[in-house]
Amino acid sequence: MPLMNEFLGYDAALSAESIVRAADGLRFEVRTQSARSLPGSLEVVADGVVRLRIGHSSDAHPVPDLSIPPKVAASEASILSDAGKAELAGGGLKVALATAPWSIAIARSDGTVLWRSSIDDVDQKGRQRVLPLGIEGDPVERITAAFEVEPHERFYGLGEKFCAVDKFGLSIVSSNSNAGGATSEQAYKNVPFFVSSRGYGVFFNTTTTVRHDVANPSLSILSYVATVEGAVLDMFLIDGPDPKTVLARYSDLTGHATVPPLWSFGLWVSRFYFERWQTLEEACDGFRARGIPIDVVNPDVYWMGGDRLSDMQWDETRFPDAADHVAALRAKDIRVCLWEYPYLSQSSPLYDEAWAKGYLAKMPDGGPCLVQTTLPVPTHHLDGFRGVGSLISIFEQPLVAPGALIDFTNPDAIRWWQDLHRDRLRDGIAVFKCDFGEDIPDEALFHDGRTGREVHNIYPLLYQQAVADVVEQETGERMVWGRSGWAGGQRFPVHWGGDPVTTFSAMAGTLRAGLSYGLSGVPFWSHDIGGFAGPAPSIELFVRWAQFGLLSSHARTHGCTPREPWEFGNEAEDIFKRYALLRYRLLAYLHTLAVEAAATGTPLMRAMVLEYPDDRTGQRVDSQYLLGPDLLIAPVMNPEGNVSIYLPAGTWLDWWTGEAVDGPRWVERRALDLSIMPVYLRAGGMVPLIEAVDRTAGADWSSVTLVINPAAESERHFSFPNGTALTARIVRSDGTVRLELEGDRRSISILRPGDTSKIDPIELEPDGQPAVAPLA
């Protein structure tokens, strides 16, 4: 059959031959139009998970530490020669492999087809718009595969993409880059994994670039075309049948996040950059004096000398007596995070050692692999300095000299790098901000024989794992604050959304990116409150971004100019404090969500489709989100204070007023007061609050106020950081509504949104009968 121009250079797969049954599925040979042959296999690797591989395993570039279950799900294979196909069944799925022409279909055991090769996507002249399977190059350089798209199908995930959360109609490239903001398809964190609104997902197991034409109109709206750079197609189809189950099974394959420490859910305060201890400590004291919560501070880049990045050595002229200052901050319950990037300046006294011992990646000419970043030179020597963008636009400043790339494929280089961190951890440092890691040139040569083309996308994993490991060794807590990522990056929480400019458009792009990243299997995520680069944010932008940021998974103020809330006036300070205290009151809720996230991969910030997968309208909404299952957050992303909110079916309660609104419907809020960001409590929703504190170390878990919406029956389980737990049920029967409570000894008060009077506290006894409170 003739082809459209896009794929004229490809060798199309014609048939599957030499099919044999194997212990774990089917083995076969793919025969192409030019009579070439590639090995293939199909296997059921777990319940609801089928793996398809095309190509020689010796040419594969799989994601490291993939967790294939040691015992595959029971499956049965049959070869039906007369019917021209082979079948594989197991794990609740059925796979049909047609021998000629080549095609694959995967269905649930009830016959519902989830995934099928796109063999009928032709134009009016009978030309194929896409290739069901094709290869390019000899030897093979890339493989393309196309499968059918249903008319109303939506596609989510593919990493931290700043475009629409639903990727239908877009061309997406999975290849890490310094995105330079938050308003394009380029991303710091790409994940070659998507979730379909039809209740399945696909993970492309590769470290190389993948192009996804997702019903791209320039090719065809009838097909999803995936083009993988390299000689192997290795993909997992993951059934749900709902998005949460897809995420859980994806996490089982690629790794689960650990629960970050409680203090990480407090407020992080940062600036690019605090130039000396005095400036940093004055900011910390300002938070404490005003009663605004704070738990972490980050001086950012130039705690090291500007000509010796990133050798992890203090600049003693501006940051002397580091251990003493860090200890003094810790005595105030403030931890210190230090910035780094994975490049070493040739001006550093450590450079000669690193080069001589082979700790640096090389180029084909034998020299070091030097990476030019977008990092501007220090400007703290200028009078009036208050951040690198306070006097000169960050976009107009010269850049620091290129740095030599640390080779994290070399175990000795990893140990050397970790020892540099170990010295800082023993100064009392709590965690490191792992910046950059996206700019790996294809021609770079690494210790283990791989090239930059093969390492480019997983370099962030190697980098962050080295740092996370040493942090855990020294502190017992496993986390980083990372910018770049790939499939499996969720194993190294937390990540943040890079460098948005100070505009409402960038704020909106940041939210979309965070929701996409959560739908890519990464549950813990943050962003720069106020935006990072550009002019100082307006009062309206800073406040609106703060409201959104303080009700995100993790919260950090950061930018090229000061982001302390009092910099924006008394009203902004008061509003910031109100939302920051609310965040700390939500610590029990956030911890519960974190425990769930580590177990299941469900993100804390949830796109509407995660909680309402069958709601056709909610499937496309990406300007709001749910924090956990019960709190709907609708950020205001314009200076006028206008926001359109979609409420799915059920009775929702306004968090601030208690007003009941029945869904499904759109709610238009206009000219909102700057102090109000709409928040709604779901029908049946329950949210535990503790008393307000200004640091996580001051949290009291013995007394909890449970804010409830009794409009629907529900059950919630809450996990508290002190190891205790609470189960709450809203029960409706015979015209009555009651709340049943079970758990460890504590005092529980009941409150509805907008109320000021609580039901008298209920004292729970351990191992006792459920306490019952009438609600209506």
- Along the dipole axis of region 237-292 (charges at Cβ: +1 for Lys and Arg, -1 for Asp and Glu; origin at the Cα centre), the most positive-end residue among 270, 259, 280 is 280
- Query: Extent of region 250-409 along each principal axis, from alpha carbon coordinates, in Å, largest to smallest?
  - Reply: 58, 52, 32
- Query: For region 168-252, what does the alpha-carbon gyration tensor say about shape, rounded, prolate or oblate, given a ≥ b ≥ c as the root eigenvalues, a/c under 1.5 as rounded, and a/b over b/c as prolate?
  - Reply: rounded
- Item | Pairwise centroid distance, computed over Cα atoms, of region 422-476 with region 258-307, Å | 22
- Message: On a 25 Å Cα-Cα criterion, which of the cross-link pairs 167/189; 125/161; 94/125; 189/244 come out too long?
- Response: 125/161; 94/125
- Place the peptides 132-140, 239-247 in order of packing, highest mean first, counting for every residue the other Cβ atoms within 10 Å and averaging per peptide. 239-247, 132-140
- Note on the structure: Residue-normalised value, i.e. accessible area per residue, for the chain at 1.4 Å probe, in Å², stands at 34
- Between residue 712 and residue 771, what is the FRET efficiency for a Förster distance of 22 Å, r being their Cβ-Cβ separation, to the nearest 0.05? 0.60
- Item | Helical contribution to [θ] at 222 nm, DSSP H n ≥ 4, -39,500 (n - 2.57), averaged over the chain, rounded to 500 | -5500 deg cm²/dmol
- Loop-resident chymotrypsin sites (Phe, Trp or Tyr not before Pro) in region 608-680 with no more than 16 other Cβ atoms inside 10 Å, DSSP not H/G/I/E/B, are 656
- When the scattering of region 684-755 is computed by the Debye formula from its Cα atoms alone, each counted once and equally, what is log10 I(q)/I(0) at q = 0.13 Å⁻¹? -0.40
- Task: Give me the distance between the Cα centres of region 87-108 and region 182-197, rounded to whole Å.
- Result: 28
- Note on the structure: Note on region 333-459: alpha-carbon gyration tensor, axes a ≥ b ≥ c; rule is a/c under 1.5 for rounded, else prolate if a/b larger than b/c, else oblate; result oblate
- Query: Going through the DSSP H helices of the chain, which span 18 Å or more along their own axis at the Cα atoms while scoring at least -1.0 as a mean Kyte-Doolittle hydropathy?
  - Reply: 277-290, 459-475, 504-518, 570-585, 587-600
- Query: Taking the Cβ of residue 268 as the center, what net charge do the other residues with Cβ under 12 Å away carry, scoring Lys and Arg +1 and Asp and Glu -1?
  - Reply: +3
- region 360-379-region 645-669 distance, computed between alpha-carbon centres (Å): 53
- Item | Whole-number D in µm² s⁻¹ for region 441-528, Kirkwood Cα-pair radius fed into Stokes-Einstein, 20 °C, 1.002 mPa s | 149
- Message: Given a 1.4 angstrom probe, I'd like the percentage of the accessible area of the chain that is carbon and sulfur, rounded to a whole number.
- Response: 49
- Message: Quick check for me: using +1 on Lys/Arg Cβ and -1 on Asp/Glu Cβ, what's the dipole size of region 368-520 about its Cα centre, in debye to the nearest 20?
- Response: 420
- Item | Cα-Cα P(r), the chain, percent of pairs per 20 Å interval | 16, 47, 31, 5, 0
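The values are calculated or read from the model by the stated rules, or taken from the named source; none is laboratory data. Only a predicted model underlies this, so the values are computations on that prediction, with no experimental measurement involved. So basically every Cβ, Gly included, is an ideal-geometry build from the backbone, and we count neighbours across all protein chains shown. Keep in mind that these areas ignore ligands, DNA and RNA; they rest on the heavy atoms of the full protein, side chains included. Shrake-Rupley method; radii C 1.70, N 1.55, O 1.52, S 1.80 Å.
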